[in-house]
Amino acid sequence: MTPPDGLDRVLDAWRVVRPDLDPTPLELVGRVIVLAEHLRRSVDAALKKHDLSLGQFDILATLRRHDGGMTPGALLRRVMLSSGGMTNRLDRLETAGWIARDDDPTDRRGVLVTLTARGRRLIDAATATRFEEAKASCPKLAAAESRQLVRFLRRWLAEYDEG
């Protein structure tokens with residue numbers, strides 16, 4: 001059995017001071033939040049080696065997966081940033097020489113965002129680092145346990161995708 005953790009102590013305290021509330025859902029949600037913060041720090045540390053933020057990585061990786069360029073709007077839908085945040089990130093990525101913004105040949109008013117050769121080399125290296133970091137961050141579970149956890153998390157996330 002796994003020993004109690006810090007969240008168990010927090011929940012026990014809530015049971016004492018607010019016995020009218022059921023803190024049981026926080027056993028799961030609280031751990032996911034704490035875990036997400038640990039994972040975010042791990043990803044940030046891994047990407048720092050490439051001088052990238054997670055938001056920058058997300059844009060470059062999205063462009064890498066969609067070779068041939070994307071409009072800023074299509075990028076926005078794929079990475080779920082605010083339009084202001086997208087413009088700011090694109091400006092920084094372009095200044096760094098990792099992306100180019102060119103006229104869209106299919107739309108005179110449009111722009112296509114593409115990786116530069118330098119950006120492609122960067123994202124290929126950063127992606128290898130990111131995959132290694134993800135592997136190191138995974139819990140030591142049996143393959144069936146990992147598949148089951150993925151199914152549970154996918155089902156939970158689907159509730160937000162439907163909304």
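None of the figures in this text is laboratory data; all of them are computed from the coordinates on show. Keep in mind that what you see is a predicted model, and the values were worked out from it rather than measured. As a convention, Cβ positions derive from the backbone with ideal geometry for all residues, glycine included, and neighbour counts pool all protein chains shown.
With respect to the chain, whose longest principal axis is taken over its alpha-carbon atoms, helix 6-17 is tilted by about 50°. The packing ranking, built from the mean of other Cβ atoms within 10 Å per residue, places the peptides 68-74, 3-9, 26-32 in the order 68-74, 26-32, 3-9, highest first. Considering only R77, R121, R64, the mean-square fluctuation computed in a Gaussian network model of the chain, springs between alpha carbons under 10 angstrom, is largest for R77. Each of E159, E133 was scored by other Cβ atoms within 10 Å of its Cβ. Listed from fewest to most, they are E159, E133. Computed over the stretch 52-162, the Cα gyration tensor eigenvalues convert (square root of 5λ each) into semi-axes of 31, 18, 12 Å, ordered from largest to smallest. Between 0 and 90 degrees, the angle of helix 83-95 with respect to the longest Cα principal axis of the chain falls at about 60 degrees.
Computed extension gain for V34 through R147, at 0.36 nm per residue and net of the alpha carbon distance, reaches 38.5 nm.
If you count, for each residue, the other Cβ atoms within 10 Å and average over each peptide, how do 39-46, 16-23, 123-130 line up from highest to lowest?
Per-residue Cβ counts within 10 Å, averaged per peptide and sorted highest first, yield 123-130, 39-46, 16-23.
Axis of helix 143-162 versus longest Cα principal axis of the chain: the two differ by about 70°, to the nearest ten degrees.
Straightening the chain between N88 and S42 buys 14.1 nm, computed as 0.36 nm per residue apart minus the Cα-Cα spacing.
Between R101 and R77, the modelled label-to-label distance comes to 2.0 nm, taking each label 7 Å out from Cα in the direction of the beta carbon.
Label-to-label distance for R64 and K140 is 2.9 nm, based on points extended 7 Å past Cα in the beta-carbon direction.
Compute the distance from the alpha-carbon center of the stretch 124-140 to that of the stretch 30-96, in whole Å. Taking the Cα centre of each part, the stretch 124-140 and the stretch 30-96 sit 16 Å apart.
Compute, for the chain, the length of the dipole vector about the Cα centre, with Cβ point charges of +1 (Lys, Arg) and -1 (Asp, Glu) only. Units Debye, rounded to 20.
Using only the charged Cβ atoms, the result is roughly 440 debye.
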